[in-house]
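Here the structure comes first, spelled out in structure tokens, and everything after it is commentary.
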Amino acid sequence: MTRLIFLGPPGAGKGTQAKALAHDCDIPHISTGDILRQALKEQTPLGIKAQSYMDRGELVPDQLVQEMVEERLCQPDTKSGWILDGFPRTVKQAAFLGELLQKLEQQGERVVNLDVPDDVVVDRLLQRGRADDTEEVIRRRLEVYRSETAPLIDYYGDRHQLITVNGNQSLEEVTAELKKAIAC
């Protein structure tokens with residue numbers, strides 16, 4: 001049973017690697033961004049609630065994101081495993097997820113940390129060429145990541161669930177290291 005949580009700074013390659021590994025393991029890649037977009041598209045009750053926050057330019061509150069993740073993890077295709085990408089982002093969300101997985105009898109998750117130096121992340125994101133990817137904005141996003149999400153590395157490390165992979169390699173090398181670390 002493969003249940004993985006992907007951590008790493010923006011630009012580390014989490015989405016790319018999670019999608020490839022999910023395909024190879026024949027399990028769903030669950031991105032909180034995708035969950036939100038799907039809920040909005042389908043106009044689910046949670047999607048309608050989320051839309052009201054987004055229309056006001058506000059972040060979707062933790063409670064609502066957590067409800068969406070819970071709803072997604074209860075779907076039948078998750079029984080054989082999953083890869084979570086973009087959740088949890090905080091220790092509070094990680095505690096919620098731990099309780100949820102216990103309730104759903106889906107324990108045994110492991111956490112993959114794609115470790116990439118900040119300067120490499122900045123270069124990668126600048127090369128994407130998106131209008132909002134200025135060096136100043138990217139460095140601010142990294143600060144937010146370091147303060148809010150990086151504590152998850154210690155959180156999961158203390159629970160002996162953490163696998164760190166060097167994300168500062170070629171796409172193929174990272175994929176090979178991931179497959180070696182995680183047998184699906």
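With respect to the stated conditions, GLU70 is open to solvent by 40 Å² or more (accessible area, probe 1.4 Å), assigned to a helix (DSSP H, G or I) and of a type outside the set (Gly, Ala, Ser). So which residues in the range 160-184 are free of Cβ contacts under 8 Å to residues at least 12 places away in the same chain and under 19 Å from the mean Cα position of the chain (by Cα)? HIS160 - this is the single residue of the range 160-184 that is free of Cβ contacts under 8 Å to residues at least 12 places away in the same chain and under 19 Å from the mean Cα position of the chain (by Cα).
Sort out which residues of the range 162-182 are farther than 19 Å from GLY15 by Cβ and at pLDDT 95 or above, and write them in order of number. The answer is LEU162, and nothing else. Considering (1) crowded, with 19+ Cβ neighbours inside 10 Å; (2) among the hydrophobic types (A, V, I, L, M, F, W, C); (3) without any contact (Cβ under 8 Å) to a residue 60 or more places away in the chain, the lone condition that LEU104 does not fulfil carries the number (1).
Every residue, every condition in (1) on the phi > 0 side of the Ramachandran plot; (2) acidic (Asp, Glu); (3) at pLDDT 95 or above, yes or no:
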{"position": "ARG72", "(1), (2), (3)": "no, no, no"}
{"position": "LEU97", "(1), (2), (3)": "no, no, yes"}
{"position": "GLU143", "(1), (2), (3)": "no, yes, no"}
{"position": "HIS160", "(1), (2), (3)": "yes, no, yes"}
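Applying a threshold of 7 Å to beta carbon distances and a minimum spacing of six or more residues, or different chains, the list of pairs starting in the range 43-66 at a residue that is open to solvent by less than 50 Å² (accessible area, probe 1.4 Å) and ending at one that is small (Gly, Ala, Ser) reads LEU46/ALA39; GLY47/ALA39; ALA50/ALA39; VAL60/ALA50; LEU64/ALA50.
The values are calculated or read from the model by the stated rules, or taken from the named source; none is laboratory data. Keep in mind that this is a model prediction, so the values were computed, not measured. Virtual Cβ from ideal backbone geometry, glycine too; neighbours counted across all protein chains shown. Keep in mind that these areas ignore ligands, DNA and RNA; they rest on the heavy atoms of the full protein, side chains included. Shrake-Rupley method; radii C 1.70, N 1.55, O 1.52, S 1.80 Å.
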